[in-house]
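Heads up, the thing below is written out as structure tokens.
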Amino acid sequence: MTEPILETLQLDDIRMRFASQGSGPLVLFCHGWPESWYSWRHQMAAVAAAGYRAVAPDMRGYGGTDAPDNPAHYSLLHLVGDLVSLLKALGERQAVLVGHDWGAPVAWHAALLRPDLFRAVVGMSVPYAPPWRTDLLSALEKQGVHDFYIQYFQTPGVAEAEFERDVEASMRRIYYSGSGDAPAQVSFGMLAPGAGYLDHTIDPKVLPDWMGADDMAYYAGEFRRAGFRGGLNWYRCLRLNAELLSPWRGAPIQQPSMFIAGARDAVLRFPASQSQIDRYPTTLPGLRGCHILEGAGHWIQRERATQVNTLILEFLEGL
């Protein structure tokens, strides 16, 4: 199997870089924060070998894709629009979506908004929740919470300065501390007063097997070049997303779907996550599997690449 090919295309309002591998029905992979197309290389190889066309873009604000200055240009409508434009630029009529972390809400909402284009969807780590009237920031404020990491991300320049001070150390800390290899007491959801995001993380002495030195060098190089501003701007659209998606409040995704997460993923400990999963019979009536992998953390497609590949291929073969 040949290695992925990197290309760049002009979409409606941005230039997007993407990796492609194989030929056949299109499977479109959407990464999250702070990652890259490169996070999907194991899945791309497996899907391409099984007779599919695997495409993984650097999402808006990341890597070799344009990063608009205006935070309002990172709404879910912009991000879904990028996938629609990419699909058309590739000359494809339909795709199966696979998304992880922030890429999961993008994939979920692309399936919700354009069922004519996206015939099935796999979400990882972040459960599907239909659009609702209250955004996460407002919900936190109503509960008297002011030190959640997503709130820390809201002020432009603050988190960027922290992460860009030593990019490679930041990446090591974020990846390791969010993984199933980290000690159970590591939690970076709530920040101590005056603390930064990285103050609650661990810099590992030895990298886990799934996070090799070459991988770390690639990610660090991408974020040294592109910076963190683009990816953090996704978090700065949470209120805007709730407004823009109001016509779809409470709407289910009807297409075939699947959810995968690690049992040690901190996202599953968010207050609403379990109730969102419990509502899948209503919100994901086409659900064909909900898989929680023991021992794995947040970076599920990297930590458990073989298991995730098997689940994705079984899902694709059943469509």
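The values are calculated or read from the model by the stated rules, or taken from the named source; none is laboratory data. Keep in mind it's a predicted model, so treat the numbers as computed, not measured. Methodologically, a virtual Cβ is constructed for each residue, glycine included, from the backbone with ideal geometry; neighbour enumeration extends over all protein chains shown.
Can you name the number of the only condition in (1) of a type in the set (A, V, I, L, M); (2) buried (at least 16 other Cβ atoms within 10 Å of the Cβ); (3) more than 19 Å from Gly231 (Cα to Cα) that Ala49 fails?
(2)
Being farther than 18 Å from Tyr235 by Cβ and either small (Gly, Ala, Ser) or buried (at least 19 other Cβ atoms within 10 Å of the Cβ) (or both): is that true of Gly99 here?
Working: farther than 18 Å from Tyr235 by Cβ: no; either small (Gly, Ala, Ser) or buried (at least 19 other Cβ atoms within 10 Å of the Cβ) (or both): yes.
In short, no.
When the stretch 65-84 is examined, which residues are found to be more than 21 Å from Ala242 (Cα to Cα) and in contact with a Pro (Cβ under 9 Å, 6 or more places away or on another chain)?
Across the stretch 65-84, the qualifying residue is only Thr65.
Can you pull out the residues in the stretch 133-144 that are in contact (Cβ under 8 Å) with a residue 24 or more places away in the chain and either in contact with a Pro (Cβ under 6 Å, 6 or more places away or on another chain) or loosely packed, with under 15 Cβ neighbours inside 10 Å (or both)? Explain how you work it out, then say what you get.
Keep residues of the stretch 133-144 that are in contact (Cβ under 8 Å) with a residue 24 or more places away in the chain, which gives 133-138.
Listed by number, the residues that qualify are Arg133, Thr134, Ser138.
Within the stretch 118-133, can you find the residues that are touching a Leu at 6+ places or on another chain (Cβ under 6 Å) and over 22 Å from Leu268 (Cα atoms)?
Answer for the stretch 118-133, where residues must be touching a Leu at 6+ places or on another chain (Cβ under 6 Å) and over 22 Å from Leu268 (Cα atoms): Phe118, Ala120.
All but one of (1) touching a helix residue (DSSP H, G or I) at 6+ places or on another chain (Cβ under 9 Å); (2) in contact (Cβ under 8 Å) with a residue 24 or more places away in the chain; (3) not basic (Lys, Arg) hold for Gly286; which doesn't?
Going through (1) touching a helix residue (DSSP H, G or I) at 6+ places or on another chain (Cβ under 9 Å); (2) in contact (Cβ under 8 Å) with a residue 24 or more places away in the chain; (3) not basic (Lys, Arg) one by one, Gly286 breaks only (1).
Of the residues in the stretch 182-225, how many are over 27 Å from Leu140 (Cα atoms) and either of a type in the set (Lys, Arg) or touching a helix residue (DSSP H, G or I) at 6+ places or on another chain (Cβ under 8 Å) (or both)?
So the first thing to find is which residues in the stretch 182-225 are over 27 Å from Leu140 (Cα atoms), and the list is 203-225.
Now narrow it down to the ones that are either of a type in the set (Lys, Arg) or touching a helix residue (DSSP H, G or I) at 6+ places or on another chain (Cβ under 8 Å) (or both): 203-205, 207-208, 210-211, 215-220, 222-225.
So the count comes out to 17.
Just to verify a result, which residue in the stretch 264-301, among those that are of a type in the set (Lys, Arg) and surrounded by 15 or more Cβ atoms within 10 Å (Cβ to Cβ), is nearest to Gly180 (Cα to Cα)? I'd like the intermediate steps shown before the answer.
If we filter the stretch 264-301 for residues that are of a type in the set (Lys, Arg), which is where we start, we get 264, 269, 279, 288.
Narrowing further to those that are surrounded by 15 or more Cβ atoms within 10 Å (Cβ to Cβ): 264, 279, 288.
Working: Arg264: 6, Arg279: 26, Arg288: 25 Å.
By that ranking, first place goes to Arg264.
With the requirement that a residue be outside any helix (DSSP H, G or I), of a type outside the set (Gly, Ala, Ser) and touching a helix residue (DSSP H, G or I) at 6+ places or on another chain (Cβ under 7 Å), what does the stretch 92-108 give you?
Val96, Leu97, Val98, His100
With the structure loaded, tell me whether Met216 is at pLDDT 95 or above, out of contact with any Pro (no Cβ under 7 Å at 6 or more places or on another chain) and closer than 28 Å to Asp166 by Cα or whether it fails that test.
On the way: at pLDDT 95 or above: yes; out of contact with any Pro (no Cβ under 7 Å at 6 or more places or on another chain): yes; closer than 28 Å to Asp166 by Cα: yes.
Spelling it out, Met216 is indeed at pLDDT 95 or above, out of contact with any Pro (no Cβ under 7 Å at 6 or more places or on another chain) and closer than 28 Å to Asp166 by Cα.
What pairs can you find where one residue is in the stretch 247-260 and on the phi > 0 side of the Ramachandran plot and touching a residue at least 24 places away in the same chain (Cβ under 8 Å), the other is of a type in the set (S, T, N, Q) and in a loop (DSSP other than H, G, I, E, B), and their Cβ atoms are less than 7 Å apart, with a gap of 6+ or different chains?
none
Of all residues in the stretch 160-215, which are of a type in the set (S, T, N, Q), under 18 Å from Arg269 (Cβ atoms) and outside any loop (DSSP other than H, G, I, E, B)? Show your work before the answer.
Our first condition is that a residue be of a type in the set (S, T, N, Q); within the stretch 160-215, this holds for 170, 177, 179, 185, 187, 201.
Remaining after also requiring under 18 Å from Arg269 (Cβ atoms): 177, 179, 185, 187, 201.
Matches in the stretch 160-215: Ser177 only.
Residues are listed down the side, and each one gets a yes or a no for (1) without any contact (Cβ under 8 Å) to a residue 60 or more places away in the chain; (2) acidic (Asp, Glu); (3) surrounded by 22 or more Cβ atoms within 10 Å (Cβ to Cβ):
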{"site": "His109", "(1), (2), (3)": "no, no, yes"}
{"site": "Asp147", "(1), (2), (3)": "yes, yes, no"}
{"site": "Arg165", "(1), (2), (3)": "yes, no, no"}
{"site": "Arg172", "(1), (2), (3)": "yes, no, no"}
